[in-house]
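Structure record follows, encoded as structure tokens.
Coordinate-derived values only; no laboratory data. What you see is a predicted model, and the numbers here were worked out from it, not measured in a lab. Heads up, the Cβs are rebuilt from the backbone with ideal geometry, glycines too, and the neighbour counts pull from every protein chain shown.
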Amino acid sequence: MQVKIICENNGMKVLAVLCRTILYVFFCFSVAGCAGPEKSIAMTEREAKIFPDYSGVTFPPNIAPANFIIDEDADKFIIKIRSQDGNEITIASGKRNIRIPGRKWKKVLESSMGRDMYIEIYARQDGRWIKFRTIINHVANEEIDRYLVYRLIEPGYETWNEMGIYQRCLENFSEKPILTNNMSDGNCMNCHSFSSHNSDIMMFHMRAQNAGTIIFRDNNLEKVNTKTDKTISGGVYPSWHPGGQYIAFSVNNIVQMFHSVSRNRIDVIDTLSDVVLYDVRTRQMSTCQALSSKENFETFPSWSPDGKHLYYCNAERINLEKYNQIRYDLLRISFDPISKQFGEVDTVVFASAKGQSVSFPRISPDGRYVLFCLSDYGNFSIWHPESNLFLKDLVTGEITRPDINSTQTESYHTWSSTGRWIVFSSRRLDGLFTRPFIAYFDPSGRAHKPFILPQKNPSFYKTFIKSYNVPELVMSRVRLNPRVLSRTTRQDPVQATFDNNE
């Protein structure tokens, strides 16, 4: 029996080798036979133009196939995707849209971990074959978290139509709704957040009809009204404490300003804002003087991974007519999770001194880096084309502008649970729609060239007219039943209380 198994296995190996040999011979014959009288392949020194730009990037070893369009004139293409040790995919196509078989792609990625992988593109033009310069990408050793959660929404200002919060498995093209607003009476939903990339500890807000904050923790769903008579508003921008017991919220009075003559179509400005702490167990809100000063705007809280510091943006409160002079610095305040007491305040980035403004601080899982947006003024960077991502090394104090920025808006961003991957929102494709881009962040602290989230149809981003909002990485699937969640959204909220934590 053992000999039989060995023979069968050897037979399968021989068959696999034979199939690869036949395919290679067919490829050579096809290229040579169709090349015309010269029977040769012309070489070009440039790479083929492809969309999306999957050239010179670093892929996670568990990413979905990077399907692409070949933006070259030809009546036939042959594509070879291979690893250094011989794993190879060969695709012959009369169309520009190239879809890569998932299982074969996975094998090439697995055999390329820690090494380069190659994409060779041949095109038949006017009866002659040409070969473009080989596209070289790299495959990291570290995987990316399996799921990306985001809101899909049509770009707008005051009104909305259809929207929903979705989760996408990054290992394939499966996208499923967590909740869409056709299941919650057409209302607005936003600001989803997780504790330490844990999909079992989640929250998001419901606005307008069915207003309240949905909190999922310990397999329990609850709807809470976080607005009290001591707070400016209900909770707005959230950050889960890594312990899962607390959520830091900003509470804001937000106005919009529309411009007739400006490179910015709109500005979103706070007229009032504080930062508060919500205890999930006791349903109690609290704050301290440093986080609720009448002389300052405090917003965009973000916890350190050890839960001992809360980072937040802080600006001097000035009149609304001077909106373009409101500039936020990045501060942090110490925190004792046992006593719920806040302590000393430090300045992390003194951006206002250089005429700039900080928004969306996010701290790496190892606590060494803080990634943030920097724009000319204000804090709602999604409407600022000049907004770029900056990185501060909290050990050396060095601030750098990583090579992941573009000439268009870079905005909301998140770290992976390992700290090796960054996902961020960018409008670099057209200046209008926000798309999710992924960048490798290596152990030396360098961010690599980003790539857009792969789609099954490589022309997807050319026709999709919704924006990806608040991309958040989680380690596993969100296991909420949309119908159960829908019923919870229609329930009356539990009222939070306020206790000043001075």
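What is the calculated FRET efficiency for Asn198 to Asn457, with r their C-beta to C-beta distance and R₀ = 25 Å, to the nearest 0.05? Mind showing how you got there, number by number?
Numbers: r = 32 Å, r/R0 = 1.27.
Working from the Cβ atoms, E equals 0.20.
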- [ ] In whole Hz, with x marking every Gly and Pro, tabulate ³J(HN,Hα) for the range 465-480 from phi via Karplus 6.51 cos²θ - 1.76 cosθ + 1.60, θ = phi - 60°.
- [x] 10, 10, 9, 8, 10, 6, x, 10, 8, 9, 7, 8, 5, 6, 9, 9
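Taking Cα pairs under 8 Å and at least six residues apart, what relative contact order does the range 327-371 come out at, in percent? Let's see the in-between values first.
On the way: 62 pairs, mean separation 16.9, N = 45.
Relative contact order of the range 327-371: 38 percent.
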Task: Pairwise FRET efficiency - Glu154 versus Asp75, Cβ, R0 = 30 Å, nearest 0.05 - done: 0.20
- [ ] Step through the residues of the range 426-431 one at a time and calculate ³J(HN,Hα) from phi using the Karplus curve (6.51 cos²θ - 1.76 cosθ + 1.60, θ = phi - 60°), rounding each to whole Hz and writing x for Gly and Pro.
- [x] 9, 10, 5, 6, 9, x
Open item on the list: Nearest 10 degrees is fine. How inclined is helix 2-33 to the longest principal axis of the chain, computing both from alpha carbons?
Closed with: 80
- [ ] Treating the Cα atoms of the range 47-110 as identical point scatterers in vacuum, please give the log10 of the normalised Debye intensity I(q)/I(0) at q = 0.17, 0.23 Å⁻¹, two decimals.
- [x] -0.60, -1.09
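Set the Förster radius R0 to 30 Å, insert the Cβ-Cβ distance between Arg483 and Lys107 as r into 1/(1 + (r/R0)^6), and round the FRET efficiency to 0.05. Before the final figure, lay out the partial values.
Details: r = 38 Å, r/R0 = 1.27.
Step by step, r from the Cβ atoms, then E = 0.20.
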TODO: Report, ordered by chain and residue number, the aspartates and glutamates lying within cross-link reach of Lys106, taken as a straight Cα distance under 15 Å and ignoring same-chain residues fewer than 8 apart.
DONE: Asp85, Glu88, Asp116, Glu142, Glu143, Glu171
Task: Rough spin-label spacing in nm, given labels placed 7 Å along Cα→Cβ, for Asp492 and Arg368 - done: 5.3
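Counting alpha carbon pairs within less than 8 Å and at least 6 residues apart, what relative contact order, in whole percent, applies to the chain? Numbers along the way, then the final one.
Details: 1253 pairs, mean separation 73.1, N = 502.
15 percent.
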Open item on the list: Whole percent per 20 Å bin, from 0 to the bin with the longest distance: what is P(r) over all C-alpha pairs of the chain?
Closed with: 21, 49, 23, 7, 0
- [ ] Return the tail of the calculated pair distribution for the range 125-254, meaning the percent of Cα-Cα pairs more than 22 Å apart.
- [x] 51
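Over the range 33-114, what is the relative contact order in percent, taking alpha-carbon pairs closer than 8 angstrom and at least six residues apart? Please list the in-between numbers first.
Working: 96 pairs, mean separation 22.6, N = 82.
So the answer I get is 28 percent.
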Open item on the list: Between the range 111-170 and the range 302-356, what is the separation of their alpha carbon centroids in Å?
Closed with: 35
Task: Principal-axis tilt of helix 102-111 within the chain, Cα atoms, nearest 10 degrees - done: 90
Open item on the list: Spelling out what I want: for every residue of the range 131-144, take phi, set θ = phi - 60°, compute 6.51 cos²θ - 1.76 cosθ + 1.60 (Karplus), and round to whole Hz; glycine and proline get x.
Closed with: 10, 7, 4, 5, 7, 10, 10, 10, 10, 6, 7, 8, 6, 9
Open item on the list: Checking the cross-link filter: which aspartates and glutamates have an alpha carbon closer than 16 Å to that of Lys392, excluding same-chain neighbours under 8 positions apart?
Closed with: Asp329, Asp346, Asp366, Asp403, Asp442
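Which peptide among 186-197, 393-404, 231-242 comes first, and what is the full order, when sorted by highest mean count of other Cβ atoms within 10 Å?
Details: 186-197: 19.3, 393-404: 13.3, 231-242: 21.5.
Going by the mean number of other Cβ atoms within 10 Å, highest first, we get 231-242, 186-197, 393-404.
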TODO: Please give, to one decimal in nm, the separation of the simple spin-label points placed at Ser406 and Lys230, each 7 Å out from Cα toward the Cβ.
DONE: 4.6
Open item on the list: Can you give me the distance in nm between label points at Ser476 and Asp430, each placed 7 Å from the Cα along the Cα-to-Cβ direction?
Closed with: 3.8
TODO: Take every DSSP beta bridge with both residues inside the chain and express the antiparallel ones as a percent of the total, to the nearest 5.
DONE: 90
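Step through the table entries Lys76/Lys466; Lys104/Lys131; Lys230/Lys466; Lys80/Lys462; Lys227/Lys294; Lys176/Lys340, compare each Cα-Cα distance with 29 Å, and write down the pairs that go over it.
With Cα atoms farther than 29 Å apart: Lys76/Lys466; Lys230/Lys466; Lys176/Lys340.
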